[in-house]
Amino acid sequence: MRLSEEGKLRVAFGADHGGFHLKQEMVARLRDEYEVLDFGADSFEPHDDYPDFVVLVAEAVVSGKAQRGVIICGSGVGACIAANKMTGIRAGICHDVYSAHQGVEHDDMNVLCLGARVIGTELAAELVAAFLRAHFSGEERHRRRLEKILAIEKQALSRDEGKKGGV
């Protein structure tokens, strides 16, 4: 995991209108401890769409520009679904602290999805802190499971590539 020049973890944030205010609060709280990359929304736009912000955060994580991502929408569900469509993303919706760190420790989760209409600011701060402080365990059983997940992803990509040529 390559850190910023200051030795800080790079974290990409994104949110639609449903998560805009919570994202603003999380970004403000984390700027001193982490290198925060804010991919928007930059203002409250009631008709924006979470997939637009998901793609920006996911691309930052997959490219290595950021080590982790946090995406916030109204429920967290749509953002999580969209994020997991991106190759190399392992996103989880977490509304409890255990899942926020365990998802990293056991499953190498790299994107946290939150629902601003489901949780409050203080819980969100606890979840983001647990997610960002966690590290993949590297235990054999967790590596084995991760390899199986990556094989599923690779198989799906191969299947999709095959469909492009003949369908």
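Each value in this text was obtained by applying a stated rule to the coordinates, not by laboratory testing. Quick caveat, the model's predicted, so the values are computed rather than measured. Note that each Cβ is placed from the backbone with ideal geometry, even for glycine, and that neighbours are counted across all protein chains shown.
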| note | Proxy exposure order for Val36, Val70 (fewest C-beta within 10 Å first) is Val36, Val70
| message | If I model a spin label as a point 7 Å beyond the Cα along the Cα-Cβ vector, how far apart are those points for Ala28 and Thr121 in nm? | response | 0.6
| field | Among Ala15, Ala100, Ala156, residue whose mean-square fluctuation peaks in a GNM of the chain (springs only between Cα atoms under 10 Å) | value | Ala156
| Just one of (i) 0.95; (ii) 0.98; (iii) 1.64 is Rg/Rh (Cα atoms, Kirkwood Rh) calculated from these coordinates, so which is it? | (ii)
| message | So for each of 22-32, 108-118 I average, over its residues, the number of other beta carbons within 10 Å; can you give me the resulting order with the highest mean first? | response | 108-118, 22-32
| Neighbour-count ranking [beta-carbon atoms within 10 angstrom, fewest first] of Tyr34, Tyr50, Tyr98 | Tyr98, Tyr34, Tyr50
| task | Could you list, in their original order, any pairs among Lys65/Lys148; Lys23/Lys154; Lys8/Lys163; Lys23/Lys148 whose Cα atoms are separated by more than 30 Å? | result | Lys23/Lys154; Lys8/Lys163; Lys23/Lys148
| request: Please identify the cysteines of the chain that lack any partner cysteine with a Cβ under 4.7 Å from their own Cβ. | output: Cys73, Cys94
| Quick one: Cα centre-to-centre distance for the stretch 35-76 and the stretch 93-167, in angstrom? | 16
| message | I'd like to know which of Met86, Phe44, Leu56 lies farthest towards the positive end of the charge dipole of the stretch 16-120, counting +1 on Cβ of Lys and Arg and -1 on Cβ of Asp and Glu. | response | Met86
| said: Using amide H atoms built in the peptide plane, which far-off residues or other-chain residues are under 5 Å from Asp38 H to H? | reply: Phe13
| field | Calculated from backbone phi, Karplus (6.51, -1.76, 1.60) coupling profile of the stretch 48-57 in Hz, x at Gly/Pro | value | 6, 10, 4, x, 5, 7, 4, 4, 5, 5
